[in-house]
Structures are given as C-alpha cells and as structure tokens.
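K.L.:
The structure under discussion is supplied below as structure tokens; questions concerning it will follow.
Here, each number is a calculation from the coordinates, and none is a lab measurement. Not measured: the values here are computed from a predicted model. We place every Cβ from the backbone using ideal geometry, glycine too, and count neighbours over all the protein chains shown.
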Amino acid sequence: MDFLLRDGRRRSFSIANAPHDDEFLDLHIRHIEGGRFTGEVFEEIKEKAVLRIQGPLGSFFLREDSPRPVIFMAGGTGFAPVKGIIEHALARGLTQPMHLYWGARAREDLYMHELALRWSEVHEHIRYTPVLSAPAPADNWQGRTGYVHEAIIADYADLSGYDVYASGPPAMVYAGRDAFVTRGLDLEHYFSDAFEFSGD
Ligand SMILES: Cc1cc2nc3c(=O)[nH]c(=O)nc-3n(C[C@H](O)[C@H](O)[C@H](O)COP(=O)(O)OP(=O)(O)OC[C@H]3O[C@@H](n4cnc5c(N)ncnc54)[C@H](O)[C@@H]3O)c2cc1C
C-alpha cells in the first residue's frame, strides 16, 4: 500500500498481516536515517493521526493454486509481506514444504525471530533459516552467516521445481534472481517485492 503524503509524494509499504486477520493493517517500517516519511512516523506522528493511503497495490501474493514447494527469501523488513503470506498459507491449510530464509545484518534485526522459530517447530512442512551478514560480537551467533541468497544456493542445487518469493532490498532481490536462474529456477516462478526507495 502507499501512503499519500503532502505535495503528492508517496511511500510504499508491504502489508504484514494475512487477509483473514484484517482488523488492522500491520506494517513493519524501518526507520531510514534522514527519511522524510519514516522520520515522521518514528518522531512526530501521534496516535490517532489521520493518514491517507491507497491500496492494495502490487502483485506480491501467494499463488495458492501452485502445488510447488516454496522458498521465501526475506531481507530486513522484507519479512513483512512474507509473514502475511505464510500466515495466509497456514490459514488455508496448505502443506507443501516451505523454507523461509531471513537475511539481516545482526540478531536484533530479526525482529520476529521467535515467531519464525515457532512456525518451524509447530509445522512439519515449514523450515526457518536465519542468515546474518554482520553479526555483532555480543550476538554470539552460531547460525548461518553471509548473504541470504548465497545460503539458498548453497542448500539448493536444483530450484527448477520451486516457487521462490523474495522481498526486501532491491540488491538482494536482483542478486537472488541472477543466482537462482543458474540453479534452474524458471523466472515465471520468481515473485518479488523489491523495496525501491521512493524518491520524490
Ligand atoms: C513495493 C514496496 C514495498 C515496500 N515495503 C516496505 C516495508 O514493508 N517496510 C519498509 O521498511 N520499507 C518498505 N519499502 C521501502 C520504503 O518505501 C522506502 O524505504 C521509503 O523511501 C522510505 O521513505 P522515507 O520518506 O522515510 O525515506 P526517503 O525520504 O524516501 O529517503 C531518504 C534517503 O534514504 C535513502 N533510503 C530510502 N529508503 C531506504 C532503504 N530502505 N534503505 C537504504 N536507504 C534508503 C534514500 O535514497 C534517500 O537518500 C517498500 C518499498 C516498495 C517500493
């Protein structure tokens, strides 16, 4: 969805809740240093402020009629739409294998790590692999490190039968696309939500 700001400016954010859980719109908003809109959100906007929005927009939704196993690649707040999609898949009772990779810099950036862990513990068909690119020493991180798309190609030699959903920084989305094609992914089965900066 887009926030419609003064002077015709817009800022896009991905909806993090599933359609059945529709009392509120959940957004996961990263505070951009010097960002006009996210600066206002974190520093100025008061509860009950009235904002203008437009939506739903975009094409990043679950292809429910596909029986293929699914890989999700989320980077940072790119977890937002993936969360909505996984909760939707659970609500619909879909049981094909789903493997969530969540890439972030440090442990604190995996802001819903426990939720993702719980999915993988409770549901046999869901796996969760967090990947940190720059863990802090205090993280004492024992898990995977490096770029999240590289972790996926290290684990999956053949992606030809998969649906892959990628969401987050454009560099990750495009690096993933290029890498996954070399592993046989059909681009018709690559769905992405690239968090391009809005500019004005
Ligand atoms: C389809 C779509 C979905 C999106 N969903 C989300 C979401 O769910 N959660 C979320 O946090 N963001 C999301 N974004 C990204 C978000 O819209 C931008 O980060 C937005 O520009 C932030 O607005 P701002 O006014 O605070 O910063 P701006 O005023 O737009 O930017 C200020 C400065 O920061 C730079 N900048 C802006 N965004 C980023 C960034 N993400 N990383 C690094 N530098 C940046 C700009 O180049 C500029 O120099 C999405 C973008 C798109 C296109």
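K.L.:
Test of understanding: in a Gaussian network model of the chain with alpha carbons linked when under 10 Å, which of Gly58, Gly84, Gly161 would top the mean-square fluctuation ranking?
P.N.:
Gly58
K.L.:
Here is a further query. List the residues whose amide H sits under 5 Å from the amide H of Ile53, counting only those 5 or more places along or on another chain, with H placed 1.01 Å from N in the peptide plane.
P.N.:
Leu4
K.L.:
Hull surface divided by four, with the convex hull built on the Cα atoms of segment 136-183: how many nm²?
P.N.:
Numbers: hull surface 16.3 nm².
Here the figure is 4.1 nm², rounded to one decimal.
K.L.:
If you don't mind, another one. Taking the Cα centroid of segment 81-99 and of segment 121-193, what is the distance between the two, rounded to the nearest whole Å?
P.N.:
Here the answer is 17 Å between Cα centres.
K.L.:
Can you compute the helix-only [θ] at 222 nm over the chain? Use -39500 (n - 2.57) per DSSP H run of at least 4 residues, normalise by all residues, nearest 500 deg cm²/dmol.
P.N.:
-8000 deg cm²/dmol
K.L.:
Hey, what do the phi angles of segment 132-148 turn into as Karplus ³J(HN,Hα) couplings, whole Hz, using 6.51/-1.76/1.60 and θ = phi - 60°, x for Gly and Pro?
P.N.:
Rounded to whole hertz, the list is 9, 8, 8, x, 6, x, 5, 5, 6, 6, 9, x, 5, 10, x, 7, 5.
K.L.:
Can you give the angle from 0 to 90° between the axis of helix 170-182 and the longest principal axis of the chain, with both taken from C-alpha atoms, to the nearest 10?
P.N.:
Long axis of 170-182 versus the principal axis of the chain: about 20 degrees.
K.L.:
By its C-alpha gyration tensor, with a ≥ b ≥ c as the square roots of the eigenvalues, how is segment 2-54 shaped: rounded for a/c under 1.5, else prolate for a/b larger than b/c, else oblate? Working shown, then result.
P.N.:
Values: a/c = 1.70, a/b = 1.56, b/c = 1.09.
Since a/c reaches 1.5 and a/b is larger than b/c, the shape of segment 2-54 is classed as prolate.
K.L.:
Where does the longest stretch of the chain lie that holds no chymotrypsin sites (Phe, Trp or Tyr not before Pro) found in a DSSP loop with 11 or fewer other Cβ atoms within 10 Å?
P.N.:
On the way: sites that count: Phe24, Phe197.
Answer - 25-196.
K.L.:
Hey, another quick one. Taking amide H atoms as placed 1.01 Å from N in the peptide plane, list the residues 5 or more away in sequence, or in a different chain, whose amide H sits under 5 Å from that of Thr145.
P.N.:
Leu132
K.L.:
Continuing with this model, one more query. Over the chain, calculate the relative contact order: mean separation of alpha carbon pairs under 8 Å at least 6 apart, over the residue count, as a percent. Show your work: numbers first, answer last.
P.N.:
Values: 335 pairs, mean separation 40.3, N = 200.
The value is 20 percent.
K.L.:
From the Cα gyration tensor of segment 4-95, with a ≥ b ≥ c the square roots of its eigenvalues, which class applies: rounded if a/c is under 1.5, or else prolate if a/b is larger than b/c, or else oblate? Walk me through the intermediate numbers first.
P.N.:
On the way: a/c = 2.38, a/b = 2.03, b/c = 1.17.
Taking the square roots of the gyration eigenvalues as a ≥ b ≥ c, segment 4-95 is prolate.
K.L.:
Next up: For the chain, with a Gaussian network of springs between Cα atoms less than 10 Å apart, report the residue from Gly34, Gly143, Gly184 with the top mean-square fluctuation.
P.N.:
Gly34
K.L.:
So which residue, out of Val50, Val41, Val164, gets the largest mean-square fluctuation from a GNM of the chain using Cα contacts under 10 Å as springs?
P.N.:
Val50
K.L.:
Kindly identify segment 70-194 as rounded, prolate or oblate by the Cα gyration tensor criterion: order the square roots of the eigenvalues as a ≥ b ≥ c, call it rounded if a/c is under 1.5, otherwise compare a/b with b/c, prolate if a/b is larger, else oblate.
P.N.:
On the way: a/c = 1.61, a/b = 1.12, b/c = 1.43.
Cα axes put segment 70-194 in the oblate bin.
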